[in-house]
Amino acid sequence: MGITRFSTRAATYEVIINTLKGLPRTTIDAAWGLTGLFSLYAIHINCNQLSKRYPRRGFQNVGVPVIDSEFVKALGPQIPVATIILLEHIAIARSFGRVNGYKINPNQELIA
């Protein structure tokens, strides 16, 4: 919020009072953060109320995916292409690492 001079280690009521005192000095950036916080809390409260009102909504059928032969047939031809792209990505990352002086962990590249 752009407020620079107060301690968050004080008592809760003092932090709230100091925050309210500093509101005239806040920047416009605070509007984005406060809007985001307000939206997240509104979504959370709304979802809790809807789950109480409609208890059978939501992710009722979540489970282990079923891998059948149709899925394997559709995905099978794409596996070599994905492997080549992954190896190419790791090779490019290693060359950038060599040029810029840092080491690449291929496991992290796989996760990314």
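No value in this document is a laboratory result; all are computed from the given coordinates. In this text the structure is predicted, and so the values were computed from the model without any measurement. Note that we place each Cβ from the backbone using ideal geometry, even for glycine, and neighbour counts take in every protein chain shown.
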Would you confirm, using the coordinates I've provided, whether residue 86 is touching a residue at least 12 places away in the same chain (Cβ under 8 Å) and closer than 29 Å to residue 111 by Cβ?
yes
Give just the number: which of (1) over 30 Å from residue 1 (Cα atoms); (2) more than 28 Å from the chain's Cα centre (by Cα); (3) among the basic types (Lys, Arg) does residue 94 not satisfy?
(2)
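What helices (runs of 4 or more DSSP H) lie completely within the stretch 1-103 and have 2 or more residues being touching a helix residue (DSSP H, G or I) at 6+ places or on another chain (Cβ under 8 Å) and surrounded by 10 or more Cβ atoms within 10 Å (Cβ to Cβ)?
Working: elements: 12-22, 29-53, 69-75, 79-100.
Those helices (runs of 4 or more DSSP H) span 79-100.
So that you can scan it fast, the table gives a plain yes or no per residue for (1) hydrophobic (A, V, I, L, M, F, W, C); (2) farther than 17 Å from residue 1 by Cβ:
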{"position": "25", "(1), (2)": "no, no"}
{"position": "31", "(1), (2)": "yes, no"}
{"position": "42", "(1), (2)": "yes, yes"}
{"position": "45", "(1), (2)": "yes, yes"}
